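Asker: Pasting a structure below so you can have a look.
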Amino acid sequence: MSLTLTHARYQFVETLRIPVAVIATVFFPAASMLFFVVPNAADDPRAATVATASMVVFATMVTCLFQYGSGVAEDRALPWESFVRTLPTGAGPRFAARVLVGTAFVLVAVVPVVLIAVLFTEATLTPARFLAALGGLVVAVVPFTLLGLAIGYSLPAKAATAVATISFLPLAFGGGLMGDPEDLPGFIDTIAPFLPTRGAAELIWAAVSDFTVDPLSMVMLAVWTVAAGGAAVFAYRRDEGRRFS
Amino acid sequence: MTDLIARAVGVSRRYGDVVALDQVDLDIPRGQLVGLLGPNGAGKSTLINLFVGLRRPDDGRVEIRGADPMTPATRRILGVTPQETGLPLSLRVGETANLVSAHFVNPVPPDELFARFGLTGLEGRQCGALSGGQRRRLAVALAFAGRPEIVFLDEPTTGLDVDARHQLWDGIRAFHGEGGTVVLTSHYLEEVEALAERVVVIDHGRVIRDGSTAEIRDVAGMRRVSVAAADLPELPGVVSTDRDDAGRVHLMTTDADQLVRTLVASGVPFRGLEVRSTSLEDAFLALTTDDHRSLA
């Protein structure tokens, strides 16, 4: 356990020393918050709260896709990874640390979003709803973590970054994170329930407002979680087998 | 019964169609300093990767103190410097050493480790800001961080200048002097000659010679006969002839005595006769050259 924390500490430090990674993680969600939510929904408490929840999901997704997708793929290419494998503990602590650090960076990305909501909008939450939202976030982070890991372990670094970059916008807009969840434009209304962003967002919307979740979105979120989990395990094993057997 | 710290038993390893190791047997007694010698692609690195648990043999087995190195606990007594230097580029030197040390029960204090490998003063430097030689020294130092009983050094001094190389040799000798076992591969044959007690020559995935440094040298049985002469007659037992810029002729032969007798008897004028035993490099070339006439 302490070894996992040691790895986590140094991975955290490593990521922080490459500011571009942090800026991307913090900048996209915070900028979306400032340019979409603040001008459009700042004065309406319910709209502001729900939109903030959308941005929290956006921040989670972007962070996971880049932290795990690009991050893992880049690390896999490094000889340092092989060296660490020869240390007397193997791959376990390093993998656990990776998930820990990814989760920490989700928080790093979410905090500015929430701060902007508090400072510049009328968004409000009762403590109970805040806790419920936190619980929703814990569930929502799982499919995106797995999706990121699946990308990171199955693709070379450049391809992984490309896939992460290409997928985050459709997932955000297609999942309805950039609009009013109850009044989605055109075909987005049709496809949204089939994307994991929608299911994840619905959980948090339901936590922060009187929104009721759509069963289809929940089923699809579960399907995405299982599918991404399967893909991640498959890619991890295949990668281990190719490089370390 | 010798105390074996590492052994390979009938080990084979293929990569697709390429046979990297073919039925290799190797016993490494505790405290030995073994040099693995062979051309690129001979299978040296593959053998090391098997010993340190990065790869699994297709056939046969490798053991570290009787246990499977794929099991992490087995690797507690083992230190590694891979052929390719890998360091976390944005971590500082001190942090990197701490991270590695955290995996061991009784690690060498970083200060002591840095002093031993000439890295003192670089603790605060990011690994990415080190020179190639400094990175290599750090990669070697990390192999010793956990007070290993056996270290596997894959071309440890590649890219180092002469001073740094000798400093590193001293570090390796000191470890060996305290009873440590060392398995090293090298492109610098003088390095194996200078350090190793035992040389294992590997080619095409097989162990083709295994003996003391002196034995390996003798196995080729060759001498280098050099003379300054204008023209030489046909001489017996000459494996190769080489004329240098200074006009000296270097003859490689398996029977120097007969060659000198014939040379003298031929009446050809020459001066500065020199007969020397061959370097390990010469022996190595003789052993691994497929079409070598005298040793076939």
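The values are calculated or read from the model by the stated rules, or taken from the named source; none is laboratory data. These figures come from a predicted structure and were not determined experimentally. Backbone-built Cβ (ideal geometry, glycine too); neighbour counts: all protein chains shown.
Asker: Would you check if A:Val84 is within 11 Å of another protein chain (Cβ to nearest Cβ) and either at pLDDT 85 or above or in a helix (DSSP H, G or I) (or both)?
Answerer: yes
Asker: Could you look through segment A:69-81, keep only residues that are at the interface with chain B (Cβ under 9 Å from one of its Cβ atoms) and within 27 Å of the chain's Cα centre (by Cα), and pick out the one that is nearest to A:Ser245 (Cα to Cα)?
Answerer: Per the criteria, the residue is A:Glu81.
Asker: Scanning segment B:88-122 for residues that are more than 11 Å from every other protein chain (Cβ to nearest Cβ) and in contact with a Pro (Cβ under 7 Å, 6 or more places away or on another chain), which turns out nearest to B:Leu168 (Cα to Cα)?
Answerer: Only one residue fits best here, namely B:Ala97.
Asker: Restrict the check to segment B:164-172 and report whether at least one residue is closer than 25 Å to B:Ala8 by Cα and either in contact (Cβ under 8 Å) with a residue 12 or more places away in the chain or of a type in the set (D, E, K, R) (or both).
Answerer: Within segment B:164-172 (the criterion being closer than 25 Å to B:Ala8 by Cα and either in contact (Cβ under 8 Å) with a residue 12 or more places away in the chain or of a type in the set (D, E, K, R) (or both)), the answer is yes, since at least one residue qualifies.
Asker: For segment B:59-75, give me the residue count where each residue is in contact with a Gly (Cβ under 7 Å, 6 or more places away or on another chain) and at the interface with chain A (Cβ under 7 Å from one of its Cβ atoms).
Answerer: Qualifying residue count, segment B:59-75: 2.
Asker: List the pairs whose first member sits in segment B:185-211 and is free of Cβ contacts under 8 Å to residues at least 24 places away in the same chain, whose second member is acidic (Asp, Glu) and not in a loop (DSSP other than H, G, I, E, B), and whose Cβ atoms are under 9 Å apart, counting only residues at least 6 apart or on separate chains?
Answerer: B:Gly211/B:Asp218
Asker: Okay, next question. Looking at (1) in contact (Cβ under 8 Å) with a residue 40 or more places away in the chain; (2) touching an Asp or Glu at 6+ places or on another chain (Cβ under 8 Å), which is the one condition that is false for B:Leu36?
Answerer: The single condition B:Leu36 does not satisfy is (2).
Asker: Just to verify a result, which residue in segment B:69-119, among those that are part of a loop (DSSP other than H, G, I, E, B) and aromatic (Phe, Trp, Tyr), is surrounded by the fewest Cβ atoms within 10 Å (Cβ to Cβ)? Steps first, please.
Answerer: Just the residues of segment B:69-119 that are part of a loop (DSSP other than H, G, I, E, B), to begin with: B:69-71, B:82-91, B:102-109, B:117-119.
Imposing the further condition that a residue be aromatic (Phe, Trp, Tyr) reduces the set to B:104, B:117.
Numbers: B:Phe104: 18, B:Phe117: 23.
Among them, the one singled out is B:Phe104.
Asker: How about segment A:169-198: which of its residues are surrounded by 21 or more Cβ atoms within 10 Å (Cβ to Cβ) and not in a loop (DSSP other than H, G, I, E, B)?
Answerer: A:Leu171, A:Ala172, A:Ala192, A:Pro196, A:Thr197, A:Arg198
Asker: Which of the following residues is surrounded by 16 or more Cβ atoms within 10 Å (Cβ to Cβ) and touching a Ser or Thr at 6+ places or on another chain (Cβ under 8 Å): B:Val192, B:Val207?
Answerer: Details: B:Val207 fails: touching a Ser or Thr at 6+ places or on another chain (Cβ under 8 Å).
That would be B:Val192, the only listed residue that is surrounded by 16 or more Cβ atoms within 10 Å (Cβ to Cβ) and touching a Ser or Thr at 6+ places or on another chain (Cβ under 8 Å).
Asker: Only one residue in B:Arg224, B:Arg243 is farther than 25 Å from B:Val11 by Cβ and out of contact with any Leu (no Cβ under 8 Å at 6 or more places or on another chain). Which one? Give the derivation first.
Answerer: Details: B:Arg224 fails: out of contact with any Leu (no Cβ under 8 Å at 6 or more places or on another chain).
Going through B:Arg224, B:Arg243 in turn, just one is farther than 25 Å from B:Val11 by Cβ and out of contact with any Leu (no Cβ under 8 Å at 6 or more places or on another chain): B:Arg243.
Asker: Select, from B:Pro57, B:Pro39, the only residue that is out of contact with any His (no Cβ under 8 Å at 6 or more places or on another chain), in a loop (DSSP other than H, G, I, E, B) and within 30 Å of B:Gly132 (Cα to Cα).
Answerer: B:Pro39
Asker: Could you list, in sequence order, the residues of segment A:1-31 that are surrounded by fewer than 20 Cβ atoms within 10 Å (Cβ to Cβ), within 20 Å of A:Gly148 (Cα to Cα) and either more than 14 Å from chain B (Cβ to nearest Cβ) or of a type in the set (Gly, Ala, Ser) (or both)?
Answerer: Selection gives A:Ala21, A:Ile23, A:Ala24, A:Phe27.
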